[in-house]
Every structure is written in structure tokens, then in C-alpha cells.
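The values are calculated or read from the model by the stated rules, or taken from the named source; none is laboratory data. As the structure is a prediction and not an experimental result, all values here were calculated from the model. All Cβ positions, even for glycine, are placed from backbone atoms using ideal geometry, and neighbour counts span all protein chains on display.
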Amino acid sequence: MRPKHEAAFLPAFVSWFAPRDPGAGAETWSFVGLGSRRRGSNRFQALNQALRLLPGHPLVLKPDPSWARLATSLSAWLDREAHPSAASLAGAASRDPWLSKVLAWSLAVDEAIGKLGPPKAFAAALEVLPLLKGLGDIIVLSSAPQASLEREWQDAGILSYASAIFGQESGSKAACLAAQAEARGRRASLLCLGDSPEDLEAARSTGAAFYPIIPGREEDSWRRFQTEGLPLLLGASPCPAGSLLADFLAGLPTSPPWRTR
């Protein structure tokens, strides 16, 4: 996630929406996309949040009026669109020039991501995936585009471990996880591993166990999972030890840092 945001989402946000306020734009996107409770959310929902936070950044001396207008159009579309994606945005963008700019930004992000080198799986995750595959189905739930997910898992050499992959076009992570739970019946044991609050909420909404991969401590999180998390698949409590979950949430605040400086 971090390389995508730092090399694609962040510079595209600054270029398309905050060229006069690059410092504010960069910190705003970094907070929303990587360091807040919005981490891991759908890109259009993240953009909407970033556009609303940007005018209040202390480095912004004169807010751009287009930010509010963009956020208004984007919010209206998000309210009526169950599965926000570039494909579902295309029709709406043909009728609203503000959404047309959002679509162009999204396509620019995808182009930048496509130029990144092949992703590498975390070393500790490579040790865990074969163990998980031997215990059941591995299902990938993500807010990224489907085609991008499949390519990245293929390039990282781990696509064979995935029983199914669901991207942004399939709907929310919670809805996808609920559908998979229903398809497998009540006797299925569900465990959700994730590095965003959206993953936690998806687990809670379906009664699944959740094990956090803490941002910035991914390798350590995967190694701890081998000894602490795998037992959750055998019917343990729906959440890990309180301290681990607290560490996870503590690193993802709801309020941006510039409001407390």
C-alpha cells in the first residue's frame, strides 16, 4: 500500500487538486491514505475526505473554491453508488464535468501504479501463506481495482494462494466478506487479516476473527501471526489481545496532526 500512495496517489492528488499548495496536499493525502482511520478505504471515498480536509490545513492561505465543488459532486455520487469504481464513475462523469476531473485523476493514478516495479510480498507473509492455504480458502478483499490486484499478486508470485480476489468493483469489503461467509455456511471459520480499520469493521460485521497487520510493523505483525494468529482459525475469540488491537488503532487517528500542532 505505501509505495502506491507515495509514488502514485499522493503526487497525483497534488498535481490534480493542489498544485498551488503542494506541501498541504502531500500531508493531507498522506494522512488520509496511509495514517488515518480512512486508510485502506475506497479511493473515491478517500479523495472526498482529502478534499474536505485540505482547506483547513495551516499551509493553505487561500482555499481553492473548486475543492468544495468537487467534494459536493463526489459526495452526491458516492451517496447513490453502491460500488464506487472507475467503471461506475464513467457514466456519471459524462454528465458532470467535476466528476470528469475525478475520473481523470483516478486514471492518472492507475497509470502511475502501472509504472511501479513488481511488488514484493513481505518475507514473513511468504512463510505464512502456505500454512493458511493448507487450512482453508484464502480470499482477497481490497478497495483496489480487480485487474490491478490480480496483476500484483501474479507479479509477487503469490496468486496461486488466492482462491478468489474481489476488488472495488465487487462492493465493500464487508459486503464481500458477508457473501463469502454465507456461501460457506455457518460452520465455516472466518479470519480476517488486515492493515486498515475498514478490514476490522468488515470482520466485526460478519462475526469473523480479526488479526491486525500494523502499518509500519508489517514484517513483525506477520511473524507474530504465525504464533498468535493462526490459533484464531481454530475457533478463538473474534479479536486479538486488547493491547495488539489498541496498538493498531492508536497508529491510525481520526484527527489530522496539523490540528494539534
*Which residues, taken from segment 41-61, are more than 12 Å from A18 (Cβ to Cβ), outside any helix (DSSP H, G or I) and over 22 Å from the mean Cα position of the chain (by Cα)?*
P58, L61
_Looking at A108, A86, A123, A71 in this structure, which one is at pLDDT 95 or above, surrounded by 18 or more Cβ atoms within 10 Å (Cβ to Cβ) and either in contact with a Ser or Thr (Cβ under 6 Å, 6 or more places away or on another chain) or not acidic (D, E) (or both)?_
A71
*State all residues of segment 119-144 that are more than 19 Å from P212 (Cβ to Cβ), over 20 Å from the mean Cα position of the chain (by Cα) and not aliphatic (A, V, I, L, M); if no residue qualifies, say none.*
P130, K133, G134, G136, D137
*Of the conditions (1) closer than 25 Å to F248 by Cα; (2) touching a strand residue (DSSP E or B) at 6+ places or on another chain (Cβ under 6 Å), A121 fails just one. Which one is it?*
(2)
*Failed condition for Q168, given (1) free of Cβ contacts under 8 Å to residues at least 60 places away in the same chain; (2) under 13 Å from the mean Cα position of the chain (by Cα)*: (1)
_Pull out all pairs, ordered by first then second residue, where Cβ-Cβ is under 8 Å, the residues are six or more apart or on different chains, the first lies in segment 94-116 and is touching a residue at least 40 places away in the same chain (Cβ under 8 Å) and under 22 Å from R151 (Cβ atoms), and the second is of a type in the set (D, E, K, R) and surrounded by 17 or more Cβ atoms within 10 Å (Cβ to Cβ)._
S106/R43; V109/R43; I113/K4; L116/K4
_Looking at (1) closer than 30 Å to L70 by Cα; (2) free of Cβ contacts under 8 Å to residues at least 24 places away in the same chain; (3) of a type in the set (A, V, I, L, M, F, W, C), which one does L159 not meet, given that it meets all the others?_
(1)
*Right, L132: farther than 28 Å from R37 by Cβ and surrounded by fewer than 20 Cβ atoms within 10 Å (Cβ to Cβ) or not?*
no
*Give segment 128-168 a look and list any residue that's in a loop (DSSP other than H, G, I, E, B) and modelled with pLDDT of 90 or more, or say none.*
D137, I138, S142, S143, A144, P145, A156, G157, I158, A162, S163, G167
*Of the numbered conditions (1) part of a helix (DSSP H, G or I); (2) surrounded by fewer than 18 Cβ atoms within 10 Å (Cβ to Cβ), R20 fails exactly one; give the number of that condition.*
(1)
*Do you know which residues across segment 199-213 are over 22 Å from N42 (Cβ atoms) and of a type in the set (A, V, I, L, M, F, W, C)?*
A209
*Could you count how many residues in segment 169-194 are crowded, with 18+ Cβ neighbours inside 10 Å, on the phi < 0 side of the Ramachandran plot and outside any helix (DSSP H, G or I)?*
6
*Every residue from segment 66-84 that is assigned to a helix (DSSP H, G or I) and over 15 Å from S100 (Cα atoms)*: A68, D79, R80
